[in-house]
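The values are calculated or read from the model by the stated rules, or taken from the named source; none is laboratory data. Bear in mind that the values here come from a model prediction, so they are computed numbers and not experimental data. Here Cβ is always computed from backbone atoms with ideal geometry, including for glycine, and neighbour counts include all displayed protein chains.
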Amino acid sequence: MKIYTPEGQLGEPQTSLAPSPTVLAGKRIGILDNTKPNAGLLLARLASRLADRTMAELTITEKKNAALAAPDQVIGNLTKEVEIVLTGSAD
């Protein structure tokens with residue numbers, strides 16, 4: 001029998017963010033809607049106002065179940081179709 005200790009290395013995992021575009025004009029905005037109540041409405045209005053202010057283009061909306069990670073197909077569609085993704089509505 002092997003007994004493993006539950007202790008592990010402490011510290012924050014290393015992450016990095018994609019660089020933000022300096023200009024949004026001409027960029028395509030996508031929405032990743034997690035289907036929570038009013039999330040789609042909130043994100044669509046935000047994206048629309050952002051597009052109007054920056055001359056970006058609202059192009060795609062993808063939906064996913066809030067309880068699960070977005071499927072590879074959804075992430076793949078967003079990766080191919082847009083440069084900016086709005087998401088993140090929570091309770």
Might you check whether a residue that is among the small types (G, A, S), modelled with pLDDT of 90 or more and in contact with a strand residue (DSSP E or B) (Cβ under 9 Å, 6 or more places away or on another chain) occurs anywhere in segment 5-27? yes
Does K63 meet the test of being modelled with pLDDT under 90, in contact with a strand residue (DSSP E or B) (Cβ under 7 Å, 6 or more places away or on another chain) and among the basic types (K, R)? yes
Looking at the structure I just gave you, is L86 touching a residue at least 40 places away in the same chain (Cβ under 8 Å), under 21 Å from A18 (Cβ atoms) and among the aliphatic types (A, V, I, L, M)? yes
If you check T54 against the conditions, is it of a type in the set (S, T, Y) and modelled with pLDDT under 90? no
Residue by residue through segment 43-91, note down the ones that are of a type in the set (S, T, N, Q) and either within 15 Å of D33 (Cα to Cα) or under 12 Å from the mean Cα position of the chain (by Cα) (or both). S48, T59, T61, N65, Q73, N77, T79, T87, S89
